[in-house]
1. Among the residues of region A:249-279, which ones are part of a strand (DSSP E or B) and open to solvent by 30 Å² or more (accessible area, probe 1.4 Å)?
2. For a quick check of your reading: which strands (runs of 3 or more DSSP E) sit entirely within region A:123-235 and have at least 1 residues that are in contact (Cβ under 8 Å) with a residue 12 or more places away in the chain and on the phi > 0 side of the Ramachandran plot?
3. Any residue in region A:61-75 that is in the same structural domain as residue A:50 (by TED's automatic domain parsing) sitting within a Cβ distance under 6 Å of a residue that is loosely packed, with under 10 Cβ neighbours inside 10 Å? List the pairs, counting only those 6 or more apart or interchain.
4. Answer yes or no as to whether residue A:83 is modelled with pLDDT under 85 and within 11 Å of chain B (Cβ to nearest Cβ).
5. Starting from region B:288-305, take each residue that is under 12 Å from residue B:366 (Cβ atoms) and free of Cβ contacts under 8 Å to residues at least 12 places away in the same chain and list its partners that are of a type outside the set (Gly, Ala, Ser) and open to solvent by 50 Å² or more (accessible area, probe 1.4 Å), counting only C-beta distances under 9 angstrom and pairs at least six apart or across chains.
6. Consider only pairs whose beta carbons are under 7 Å apart and that are at least six residues apart or on different chains; among these, list those whose first residue lies in region B:396-411 and is over 18 Å from residue B:304 (Cα atoms) and whose second residue is at pLDDT below 75 and assigned to a loop (DSSP other than H, G, I, E, B).
7. Consider residue A:100 against the criteria (1) open to solvent by less than 10 Å² (accessible area, probe 1.4 Å); (2) in contact (Cβ under 8 Å) with a residue 12 or more places away in the chain: it satisfies all of them except one. Which criterion is unmet?
8. From (1) more than 11 Å from chain B (Cβ to nearest Cβ); (2) out of contact with any Gly (no Cβ under 9 Å at 6 or more places or on another chain); (3) buried (at least 20 other Cβ atoms within 10 Å of the Cβ), pick out the condition that doesn't hold for residue A:138.
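The values are calculated or read from the model by the stated rules, or taken from the named source; none is laboratory data. All values derive from a computational prediction rather than experimental measurement. Every residue, glycine among them, receives a Cβ derived from its backbone with ideal geometry; neighbour counts consider all protein chains shown. The protein model used for the area step is the full one, side chains on, heavy atoms only, and it has no ligands, DNA or RNA in it. Shrake-Rupley method; radii C 1.70, N 1.55, O 1.52, S 1.80 Å.
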Amino acid sequence: MPIVQLNHVRKVYDTKVAVEDLSFTIEPGTMFGLLGPNGSGKTSTIRMMIGITVPDSGSVSLFDKPFVRKMLARVGYLPEERGLYKKMKVLDQLVFLGQLHGLTASEANQRSRFWCEKLEITEAISKKTEDLSKGMQQKIQFIATLLHDPELIIMDEPFSGLDPINANLLMDALADLRREGKAVLFSTHRMDQVEKLCDNIALIHRGHLILSGSMTEIKSSYPRNRVHIHFEGDDSFLQDPSIESLKRYSGYAEIKLRPSPTLADDAQSLLAHAIRVARISRFEVTEPTLEDIFIEKVREALPIANGGELSMAQLDQPKESDLDD
Amino acid sequence: MIRVWLIARREYLERIRTRGFIITTVMIPLIMAGFIFGSIFLSSKASFVTEIAIVSSDTQLALDLKSELQQGQGGSLTQPSLDPRKPTIIVDAMAVAPDTKAILDQEIDSDDLDGYLWITPAATPGARPTFTFTPRSSTGETSIKDTLAAALSTVLLREQLAHRGIVAADANTMLQPVEIVAAKGSTHEDRESAEVSVGVLFFLMYLVIMLYGMNVARSVIEEKTSRIFEVMLATVRPEAMMAGKILGVGSVGLSQVGIWLAVALLLSGRSLVLHLGGDDIHLALTAPQIIFFFVYFILGYLFYSSIAAAFGAMTNSEHELQQLNMFLVMPLIFCFLTLGTVLLTPDSTLSRVLALIPPFTPLLMYLRVSLGHPAPWEIALSILLTSASIYGIVWVTSRIYRIGVLMYGKRPNLPEILRWLKYS
C-alpha cells in the first residue's frame, strides 16, 4: 500500500506553471527524496499533498485513498520556513500543536517530554521559544511534527542551520521512524545529504519530473566515469587525453572521463600517468554524484533556446562542494 | 470546531497574560477619568468671574442694572458658579467723571477690569439711551454682551412698568421667566447623566473596536512573518484559523470591557457622583443599555475585525498595514464626528438613516437605542443588516485570507485580490 501517490498532478499559479504532470509514489518504511533547486516546485508539490492547495488536474492519494482532510491527522509536516509562536513557552506550544493534531492535552504533554528527552533539550521545556537558539527552535519544530505519531512525515529542509551533531541526532531519529515503517519524505536542494539517506528520489526542475527511481538503481545506471584524485607535485597528468572535463582545487581534482567502452582501463592508465609525475595520496573511481546527475539531466531537459552553459548559479545551488575535503 | 476553540483559547490566554493587557485595562479608564476630571477641574479653575464697570450719569439705572445682573446670577457674589456657561459678573456702578474713560481704559490694559459699559443718556426724553460695551479682549465678549443685553432689557422694561404705575412686586412677577416642568420622562439631570454615561460607553466601544480590530490585523501579520501559517495550515483550515483568531482576540476585548463595566458599576453607588457643573452626573445605565452595548459591540467588532483580518493577510508588514488602516478607521471616525448630532437628536431622520448603515450601526444605533426611541423594527433591521454584511465580509475575507497568508513578497493589487475570490 503506497503511502503517497501522485498521478499527473498539475498546478498553475496565475501565469506560472508550478508543477506539471508530476507522478510518484512513496512506500511505507522508506525515505523519499524530493529534490530540486529553489523554486522548482517542491513546496507547491508538498502543499498539494497536505491539502493546503488543490491540484488543477491530476490526483493526490494518501494511504491508498483520495485525499481528504481527515488524513492530516496521520501526516506530520515540517515546513521549510520554521514557524513557532515566539512568546509561548515551549511545552505550551508543543501541547497546543499536539492538540490541533487531535491529541488530548495529557497525551501531548507526555509525548512532548518524551521527545524533548530523546533530542536532548529537556532544559528548554520551561523556556519561552524566543529565548532558545535557532538550532533548539528547530528541534522543537521537529518534535511538533512528530508528536502525533504520523505515518507520513514530510520534512522540508530539516537540517538547514543545524550543526553536524544535532543534524545526526535528527537523522538517527528519522532512521528509527523509517525502521518502524513510517514513510519519510525529504525535500531538499542539498543533494549530498539525500545521497546518504534516501531510498528513492524524484528530481524535479521547473515543475517537471526529470528523474525518479531508487537511489541504487539510478546510481548504477550511470557509468563509473568520475575520478577523485588527491595529489602533490606536478599536475601535468591532468592534460591526459582520457579526461573530458575537470574541476581543480588545491591538491585535489574531480575528473570526468571521456565516454569510452574501456572506461575502467582508462582510469587505470590515468592513475599510471599520475603516479609517474606526482605523489598520489588518494585515488577513487566512482559514479557521478547526484548533483552531477542532476546537472546533466537538467541540461538535457532544457530546450535549445535556453541552452548554453548551465552554471551552478543558474540552478541556484549552494556551492558547498567547493568546500569539501 | 474543536480546533477553532483551541486556536481561540490559545489566542485568548496568550493575550490576557501579557503585561500589555493589564496596562491597557488599568490605563484606559485612568486616562478617560483624567480627561473628564481634568476638564471639570480646568473649567472650575478658569472661574468665569468677569469684572465689569457700568458708567452712567443716571445712577439709578446703573444701580438697577447692577442688582439685576447680580440677581440674575441666582447666587451670591462670593461663590462663583461652577457652570462655565454662567459667568459670575462683578459689577461696579460709577458716575461719570471727566477722567473716567481714561481710568477704565487703563484698568482694562492692566487686566484689572474685563470691560465696561458706557451708558450715554438719550438726547431726547423718552428715547432709549445708547449703550457701548468695551471689552478687554475678544474672549467671552459675546456671552457678556448677551448677559448685559438681557439684563438691560429687563431693567428698562421694569422702569417702563414702574412709569406706568405698576408696583415693583407685580413687575417682578410679570418678568418671572416661564419654567416648563416636564410632566413625563427624565429630568434634565438624569438626561445629562445618561448622555455622559452613554458617551463614555460610545467612546469605549469606538476605542476597543479599533484597538482589537488592529490587533487582529497585526497578529495575522505576525503569524505570517513568523511562518506559523505553514505549520498551522497543515492541520487547520485557514477559515478555522481566522475564526479562532477573531473570536480569541474579541474575547479579550470583551473581557476588558467587562472588567471596566463591572468595576464602574461597583463603584457607582451614591459614592461615585461626579459634581459636574453643579448637577449630579452619575453613571446612569439601565440594563437594556448595557445589553445593547454588548450586542452592538460584538457586531461592530466582528464587522471591523474581519476586514482587519483580510488586511493583515494582504500585507507583509505593519508599515504596509498602516496604509490600509485608513479604510478601517475612516468609518469609525465618521461615527465620532456624527456623535453630537445623534446625541442631541437621536430620532431625527438623519440619525435614523445613519444608524441603519452597517459600518455605522454598531456605534450610532447603540446611541439611538440608549438615548432615543427607535422602533423595535429599526433595532431588528439594524442587527439584521449588520449581521448580513458581516456574513458577506467574512465570506470575502476568508477567501482573501486563505490565499493571502501564503503569499509573501509584494502586496497584491486589486485585480489580483478579485481573482483570489474566484479560487475555490
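1. Across region A:249-279, the qualifying residues are A:249, A:254, A:256, A:279.
2. A:208-214, A:226-233
3. A:64/A:1
4. yes
5. If the second residue must be of a type outside the set (Gly, Ala, Ser) and open to solvent by 50 Å² or more (accessible area, probe 1.4 Å), no pairs are left.
6. These pairs meet every condition: B:403/B:423.
7. Condition (2) is where residue A:100 drops out.
8. Just one mismatch for residue A:138, condition (2).
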